[in-house]
């Protein structure tokens, strides 16, 4: 066989393999991750993957790459066999042209469908649609009178991975069970939880807030995390250099701040974001090794498990409480991350679903931690916020028509009155709301795109409508790119 012929067959196989991989990758993503947005996909693809939970990569290799490899070999052999048979009866050149044309048409259809399924088509269209929505509705904290009470309050802010109010339901994914959040149901009822209904509810999901980094930025800056698709730089975007955040405001008012996670601070650029905005001390997986809390070769799930996280949190909060400054202690759990969560050996095994077990166990750990905080001498002057970062991406865990909302809870708030139910809001509204829960007065009740939920002022979603808010925030914004993520 001539060299040109060999190259032709090699190129044909590569073509078939890449098409097969695009199909299996799309199918894998849809089946593995619920609620996956393309801006999140783009962010993760352009972020270093070190410290990412290894099972995700393993399942991709087994459930997508290997299947694509096998399928492409079968399809390739079939193409060669059919074209050779046809060539024996018809003009060889004409058959080659027809074959290439058919393959290109099939490839175009497959690629378009795959890109549409993962949200690429919609995302790309939005990047060519300019919106002034953020520019016209953004409230710059620099230009707002923000007044702290004479006696400042401490803040403990707990981001709980994928915590949503859907877990209160007694039927999820076809499995009838007791309330997964039973350990924190009474705590939720006894304190302030904002809801979009007159029952357990929560925040609506908005573009740019659907994964952990975006969620944290939304809750602390009142803004979504938007990437400049024409010049993707996830590190620059997640620094939000032009934003004034909760951490910035607390630092300016003399707070000592710490951010604790059980993973590597560099994953998703989360550590650097908190360091830049408020000079937080970062306590991550590597810190635990440096302090001799875990061995240098210890690694489970994303680093170390939540039982250790809560243990170390108690130690560090106690130190902060004994200091001479008000403090803000912020932490992030991980045991309820997809896929299937992480079930520690001491966790109850009540359900068939490993993921449901991890959620139930996490609720128990949170309950115990809150009980500990409430027993401490510093509690009287401390507000505790528990917030889901986003809804879960665990595919198949929820009915397809479930009304999914992000959980929130404000414990021992300085403000105890307001309209807590039948509100339409998103996690960007937590920024001014958290400050208000510390007794802080905010002129105009807005910061970023967020509205103080303790106030009577309507949120932007209530004013503009959810569909309008979501549509406009999804579009390209020169103001945002030039002034916020500059």
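The values are calculated or read from the model by the stated rules, or taken from the named source; none is laboratory data. Predicted, not measured: the structure shown is a model, and the values here were computed from it. Neighbour counts run over all protein chains shown; Cβ positions are idealised from the backbone, glycine included.
Computed quantities for the displayed model
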quantity: Selection status of residue 485, part of a loop (DSSP other than H, G, I, E, B) and buried (at least 22 other Cβ atoms within 10 Å of the Cβ); calculated: yes
quantity: Residue tally, condition surrounded by fewer than 20 Cβ atoms within 10 Å (Cβ to Cβ) and in contact (Cβ under 8 Å) with a residue 24 or more places away in the chain, over the stretch 176-187; calculated: 4
quantity: Residue match in the stretch 401-413 (condition: more than 30 Å from residue 465 (Cα to Cα), in contact (Cβ under 8 Å) with a residue 40 or more places away in the chain and either in the same structural domain as residue 461 (by TED's automatic domain parsing) or surrounded by 22 or more Cβ atoms within 10 Å (Cβ to Cβ) (or both)); calculated: yes
quantity: Residue in the stretch 233-253 that is buried (at least 19 other Cβ atoms within 10 Å of the Cβ), at pLDDT 95 or above and over 22 Å from the mean Cα position of the chain (by Cα) present; calculated: yes
quantity: Counted residues, the stretch 370-384 - those being more than 23 Å from the chain's Cα centre (by Cα) and either within 15 Å of residue 331 (Cα to Cα) or not in a helix (DSSP H, G or I) (or both); calculated: 8
quantity: All positions within the stretch 330-339 that are farther than 11 Å from residue 159 by Cα, touching a strand residue (DSSP E or B) at 6+ places or on another chain (Cβ under 8 Å) and either free of Cβ contacts under 8 Å to residues at least 60 places away in the same chain or surrounded by 23 or more Cβ atoms within 10 Å (Cβ to Cβ) (or both); calculated: 336
quantity: Qualifying residue in the stretch 430-446 (condition: farther than 29 Å from residue 156 by Cα, in contact (Cβ under 8 Å) with a residue 24 or more places away in the chain and touching a helix residue (DSSP H, G or I) at 6+ places or on another chain (Cβ under 7 Å)); calculated: no
quantity: Unique residue being surrounded by 15 or more Cβ atoms within 10 Å (Cβ to Cβ) and either at pLDDT 95 or above or not assigned by TED's automatic domain parsing to the domain that holds residue 438 (or both) when the list is 266, 260; calculated: 260
quantity: Selected residue [in contact (Cβ under 8 Å) with a residue 12 or more places away in the chain and in a helix (DSSP H, G or I)] from 359, 391; calculated: 359
quantity: Residue 200 being assigned to a loop (DSSP other than H, G, I, E, B), under 26 Å from residue 310 (Cβ atoms), out of contact with any helix residue (DSSP H, G or I) (no Cβ under 7 Å at 6 or more places or on another chain) and not assigned by TED's automatic domain parsing to the domain that holds residue 43; calculated: no
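Okay, residues lined up against (1) loosely packed, with under 12 Cβ neighbours inside 10 Å; (2) more than 23 Å from the chain's Cα centre (by Cα); (3) in a helix (DSSP H, G or I):
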| site | (1), (2), (3) |
| --- | --- |
| 105 | yes, yes, yes |
| 108 | yes, yes, yes |
| 112 | no, yes, yes |
| 116 | no, no, yes |
| 121 | no, no, yes |
| 126 | no, no, yes |
| 142 | yes, yes, yes |
| 151 | yes, yes, no |
| 157 | no, no, no |
